[in-house]
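Below: the structure, in C-alpha cells.
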Amino acid sequence: MKKYTNQGSKDTRSGFGAGMTELGRTNPKVVALCADLVGSLKIDTFIKENPERFFQVGIAEANMMGIAAGLTIGGYIPYTTTFANFSTGRVYDQIRQSIAYSDKNVKICASHAGLTLGEDGATHQILEDLGLMKMLPGMTVINPCDFNQTKAATIAIAEHEGPVYLRFGRPVVPNFTPEDQEFTIGKAVHLTEGSDVTIVATGHLVWQALLAAENLEKEGILAEVINIHTIKPLDTEAILKSVKKTGCVVTAEEHNYLGGLGESVARTLTTEYPAPQAFVATKDTFGESGTPEQLMEKYGLNNKAIEQAVKEVIKKKA
Amino acid sequence: MPKSQDLQDLIVQVRRDIVRMVHNVNSGHPGGSLGCTEFLVALYNEVMELKDGFDMDGIGEDLFFLSNGHISPVYYSVLARRGYFPIEELNTFRLIDSRLQGHPTTHEGLPGVRIASGSLGQGMSVAVGAAQAKKLNKDPHLVFSLHGDGELQEGQNWEAIMYAAGKKVDNLIATIDRNGQQIDGPTEEVMPMGDLKAKFLAFGWDVLELEDGNDLQAVIDTLHEAKNRTGKGKPVCIIMHTEMGHGVDFMMGTHAWHGKAPNDEQLATALAQNPETLGDY
C-alpha cells in the first residue's frame, strides 16, 4: 500500500493564507474582506502587500457578504474571510439571495470549521456548514485536507467563475499532499489502492483515513482511500468505480452525518449502485469545549473510529 | 435632456403599466411602486449617466440597486421603457417562464438588473460593495440605491450605514422611500423609526430631505443636489417622502394596497385616472 509522509504539520488556515499571498501577487482582481479576524485567517501578508484590495468590515458578517456581492459588479473576485460558523449559518439568507441566487463570483472562505476549533466550544464549532452550503443551487463546496491542498484550492477557485464555499480549520495537522499537486475542482484524489473497502474522506479526516488504512492492512484488510476535497460537485464516478470494486464504503468527515459528505455519497449509491455504507461523522449533536484530539476521540472522528466502521461495514457485504 | 412634459407622460404611462401588470396576475405590489414612480423615472431618464446596452460590470456608467425588490412593477416598467428589454415583455410579469420574476433577479438574465432583491435589508451592502469596486476601478460614476422605510428595520442596513460612513464611501446616494407604511400598518405603529434624518446624520452621512417625492421637479432637483454632494468624504442619503399608491386615488393614504391587486372595476378606475400617453404594452 502506498505510504504518505508528513512533510511537517501545519494548520490548513495557513495554507489559505499562503494561497492568498500568492493570489495577491498574481491576480489583481482578487480582493479580500474580513470581519475582524485577520490574524486567525492568516491574511496579514495579503493585506500588507495589497492594502487597497482589502476591506475590513468589522464584526458585521451580513454586510460583508453583501459588499462582496457588490464588489463582483465591476469585475472583482472577493474572498470573504471569517470563521465557518459566521460564514454560513449567520449569513445564510445573504449568501442565498445576494450571492448564490444572484450568480455572484464570491469565494466564501471559512476557517475554524468543525470540532477541531477546540476550546471555544459549540457556539463556534459549526458541524452543519457543508450541508447548508451544498443545498444552495450553483454553490461549489470544497473542504481540503492539509496545508498544501488548502493553498492549492485557494488559488484554484479564483479561476472558477461562480460562488464557492472553501472550508478549512484551526489545528495543526499533517501536511502530506505533494506541494505541486494540481487542484482540480470536483476531481477526487485516489490515495491508496484497496479491494476490501472504500474510505471516502474529506478535510482533517483524510489523514485519519490513511492511518486507519495502514492499521487495517496489518490485519489483512485492504482499504482504498479517496480524498474528496470537493463535496459539490461530487466526483461520483470515482466513488462508484471504487465501490464497485470493494463492495462497501465508509465516509469520514468532521461534520454532522445529516447533510454532509456521507449523505451525498449515500444518495449516489442509492440511485446508482446500492452498497453498505458506514458513517464516520458527528451524530446530530453539538460539540463542546476540549482539545481537538479529545473532541475527535469523544465524537468518534479519528482513525480508530474509521477502523471500527470499516470492520462493521465489511460484515454487511453480500 | 428630455422635456418635462415627456417625463410627465412617461410617469403616467408607467403608472398604467404598474396597475395593469399587477391586475393581470392578481398579485404584486402596486402601492410602493406608484409612490416611487417619479423617482425611478427621473433617475433613469434625467439623472443617471448610462451607457447604451447592458453589461453586468457597469464600468463607465452610474449604477442603481433596488433593495425593496417588491416594487418590481415600477422597476420593470421604467427599465423596459428606457430600452433595457422589450416593452411587450411586461406582459409576462410573474408568469411561468418569465424573466420578470415576482421580485427582481439576475437569474433569468433580465437586462438592467444586477442583484436579486426581495428578502429585505440587503441592497445597501451590495450598493456599498459596488461603490467600492468603482473606486478600485477609478471609475468616477456613482451608485444609487432605493430602500423602503420599513426595510430599515432590518439590522443589516445599519451595518452598511456604519460602514459607508466609516470608510468614506462618498460615491453612493441611498434614497429612503419614506412613505410611512408597511404591510401591517403605519411604520410608526408597527416599529417606530423615530427621526431617520437624525439617525443617518449620527452615523456620519450627508442627508437631504425631499418633502414631496411625488413632485417630479423636486425629485430631479434633489437628486442633482445629492450628486453635487458626492465626493466629499460622506455617503449621501435622501429621505424621500412619498405617498403610497400615488396617482390612483383609492390606493392613496393607506397601506392596504401594499401587496394587493385591483379587480376589473378598480383597474378601470385607476386607468381612467391615468390616461394612456405613450402607448400601453
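The values are calculated or read from the model by the stated rules, or taken from the named source; none is laboratory data. Since we're looking at a predicted model, the values are computed, not measured. As a convention, Cβ positions derive from the backbone with ideal geometry for all residues, glycine included, and neighbour counts pool all protein chains shown. SASA here: full protein model, heavy atoms, side chains in, ligands and nucleic acids out. Shrake-Rupley method; radii C 1.70, N 1.55, O 1.52, S 1.80 Å.
Does any residue of segment B:176-192 turn out to be open to solvent by 50 Å² or more (accessible area, probe 1.4 Å) and within 23 Å of B:Y44 (Cβ to Cβ)? No: segment B:176-192 contains no residue that is open to solvent by 50 Å² or more (accessible area, probe 1.4 Å) and within 23 Å of B:Y44 (Cβ to Cβ).
Only helices (runs of 4 or more DSSP H) wholly contained in segment A:232-318 count here; list those with 1 or more residues that are closer than 23 Å to A:L222 by Cβ. Once the helices (runs of 4 or more DSSP H) in segment A:232-318 are filtered for at least 1 residues that are closer than 23 Å to A:L222 by Cβ, what remains is A:236-246, A:261-272, A:303-315. If you go through segment B:155-175 one residue at a time, do you hit one that is of a type in the set (S, T, Y) and either at the interface with chain A (Cβ under 9 Å from one of its Cβ atoms) or in contact with a His (Cβ under 8 Å, 6 or more places away or on another chain) (or both)? The answer is yes; a qualifying residue exists.
Do we find a residue being open to solvent by 10 Å² or more (accessible area, probe 1.4 Å), in contact with a Gly (Cβ under 8 Å, 6 or more places away or on another chain) and within 14 Å of chain A (Cβ to nearest Cβ) anywhere in segment B:21-36? Checked against the condition, which is being open to solvent by 10 Å² or more (accessible area, probe 1.4 Å), in contact with a Gly (Cβ under 8 Å, 6 or more places away or on another chain) and within 14 Å of chain A (Cβ to nearest Cβ), segment B:21-36 yields no hits at all. Does segment A:36-45 include one or more residues that are within 20 Å of A:A110 (Cβ to Cβ) and within 14 Å of chain B (Cβ to nearest Cβ)? Yes, segment A:36-45 contains a residue that is within 20 Å of A:A110 (Cβ to Cβ) and within 14 Å of chain B (Cβ to nearest Cβ). When segment A:54-95 is filtered for residues that are facing chain B (nearest Cβ under 8 Å) and surrounded by fewer than 20 Cβ atoms within 10 Å (Cβ to Cβ), the ones remaining, listed by number, are A:G58, A:G75, A:D93.
Could you list, in sequence order, all residues of segment B:103-112 that are open to solvent by less than 20 Å² (accessible area, probe 1.4 Å), out of contact with any strand residue (DSSP E or B) (no Cβ under 8 Å at 6 or more places or on another chain) and more than 7 Å from every other protein chain (Cβ to nearest Cβ)?
B:L110, B:G112
A single member of B:S98, B:S117, B:S77 is farther than 16 Å from B:C237 by Cβ, more than 10 Å from chain A (Cβ to nearest Cβ), among the small types (G, A, S) and without any contact (Cβ under 8 Å) to a residue 60 or more places away in the chain, and it is B:S98.
Counting the residues of segment B:125-147 that are more than 7 Å from chain A (Cβ to nearest Cβ) and open to solvent by less than 10 Å² (accessible area, probe 1.4 Å) gives 6. Taking the listed residues A:L37, A:L41, A:L23, A:L33, the one that is open to solvent by 30 Å² or more (accessible area, probe 1.4 Å) and within 22 Å of the chain's Cα centre (by Cα) is A:L37, with no other qualifying. Against the list (1) under 23 Å from A:K304 (Cβ atoms); (2) in contact with a His (Cβ under 9 Å, 6 or more places away or on another chain); (3) in a helix (DSSP H, G or I), the condition A:L210 fails is (2).
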